[in-house]
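Derivation of every value follows stated rules applied to the coordinates shown; laboratory data play no part. The shown structure was predicted, so the numbers you read here are calculated from the model rather than taken from an experiment. Note that we place each Cβ from the backbone using ideal geometry, even for glycine, and neighbour counts take in every protein chain shown.
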Amino acid sequence: MLNNGPGSWAFEGLARQLAGALWIDVSPTPRRYNYLLHADDFDPASCGDLFIPYSSIRLAADKRLIARAFADHAVPAPETHVFDTLAGAQAHRRARPDQEWCLKFPTGCGAAGHRMLTDDVRVSSSWPRPLLVQEFVRLEKPEVYRLYAAGGKLFGWVARRFPEGTRPSPWVAHARGARYEVAGAPPPGAVDTARRALEAAGLFDSFGCVDLLQTPKGPWVALEVGTDGLFNHVDRDVGDADLAVEIQRRIAEAFWARVGPPPWGAGEWRPR
């Protein structure tokens, strides 16, 4: 479990959880095979083999790269564009008044920075360019669904919703007050979109998650993917103890499937 440098504090809690689940040590120096969380001045060439590919970690941290991967692999997703200038984004909005559009902060998490693209919207000079503009899918009841993948298998269908009696936000994020609920069996359309999204991001065979929503017209679309490492990590506060354990178990089994016999022995997985 590789975790070092000034930013490693943000991953310390997860590092301890994963070390117990995977039966490995947390180390400030790379080993032959690594679960990368954080590394100061990260150099892929000096960090040995990575369970989660560096390219996938980098992609999951930038919504512009996600949009490009989704487009390249024909993943169903809200219509998305990039523009060098706000003027270009506004011109697109005016040319497409049939649809609402939002401006997403491309490297944030928890919907931080997202805003609707309106006449009076402003962005600072420090906002990352190019700008990411996405079709805003308005739902009567805002909710987003999530599926996870580890070792080439999908699992863990959950919904993210705002609790009854709370004021919802257009951005259905945990950081905005939404909470996870186990949602039973995923619909086939959601499963197909999720798999395509995770494969496009290179995360299906290691570990990642994908956020989805069902459009008013019916099809399931992928919003973005997430994984652990360098920039952020997948939220484990899923509101269900069994699913939280299942996430750890599936990561551990996928990790050791590439190495050899697991250290917990021939029986069922258990944490160290």
(Q) Please check: in the Gaussian network model of the chain (C-alpha springs, under 10 Å), which one of Gly88, Gly165, Gly151 has the largest mean-square fluctuation. (A) Gly165
Q: Starting from the coordinates of the alpha-carbon atoms of the chain, obtain the Kirkwood hydrodynamic radius over all distinct pairs and give the value in Å to one decimal.
A: 19.7 Å
Q. Is segment 2-52 rounded, prolate or oblate when judged by the Cα gyration tensor, a ≥ b ≥ c being the square roots of its eigenvalues, rounded requiring a/c under 1.5 and prolate requiring a/b larger than b/c?
A. oblate
Q: Let me know the shape class of segment 149-272, please: from the alpha-carbon gyration tensor, a ≥ b ≥ c as square roots of the eigenvalues, rounded when a/c is under 1.5, otherwise prolate if a/b is greater than b/c, or oblate.
A: prolate
Q) Say the dipole of the chain comes from +1 at the beta carbon of Lys and Arg and -1 at that of Asp and Glu; which of Leu131, Leu203, Ala60 then lies farthest toward its positive end? A) Leu131
Q: Any lysines with Cα under 16 Å of the Lys63 Cα? List them, leaving off those in the same chain fewer than 8 positions away.
A: Lys104
Q: Please give the length that would be gained between Asp192 and Asp237 if that part of the chain were fully extended, namely 0.36 nm times their separation in residues minus their C-alpha to C-alpha distance (nm, one decimal).
A: 13.7 nm
Q) Hey, can you rank 3-9, 125-131 by average C-beta count inside 10 Å, highest first? A) 3-9, 125-131
Q) Which is the longest part of the chain that has none of the GluC sites (Glu not before Pro) sitting in a DSSP loop with at most 16 other Cβ atoms within 10 Å? A) 165-267
